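Read-outs: derived from the displayed coordinates by stated rules, not from any lab. Predicted, not measured: the structure shown is a model, and the values here were computed from it.
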Amino acid sequence: MMINEHPSKFFWVGRGLRQVCLLWYLLFILAMDGLSLHISKVVEQDQFQALKIGNNINISHVFFFYDVLIMGMSFRLSSLCFFHIFRKFINAASFCMNAHKSILCHDDCDLENILYIKNLFGIEAKLMDQCMDPAC
């Protein structure tokens, strides 16, 4: 470490030497919780059909660190609804969506709708088996 253009002596890094505010983590969790509540509300209001994985077991979204995985049947209305939810979230939380890391995985059943979603969000679209390939 340089102090006044001179190398300083070695020092131990301890608690309190951070570049980010510790409240940022709490604010991030609150923002992600708000996003989760909005997605759950859309599912409850039948504006989005969650993925059915068993008897009375449906899954619509999963959070993993900074990533959001949304699963379900895709329709134009639900896609537009999610687009507005993400825009509100991005504006409120000052986050951004990385279109280069975002992928629409689909089963090739409704190409017109897939192209609509792809263009709406500005993301890449791949067939489901391509999304599961670890090389991708």
Give the aspartates and glutamates whose C-alpha is closer than 17 Å to that of Lys52, dropping any in the same chain fewer than 8 places away, or say none. Glu44, Asp107
The convex hull of the Cα atoms of region 42-88, divided by residue count, gives a volume in Å³ per residue of 81
Volume of the Cα convex hull of region 86-133, divided per residue and given in Å³: 77
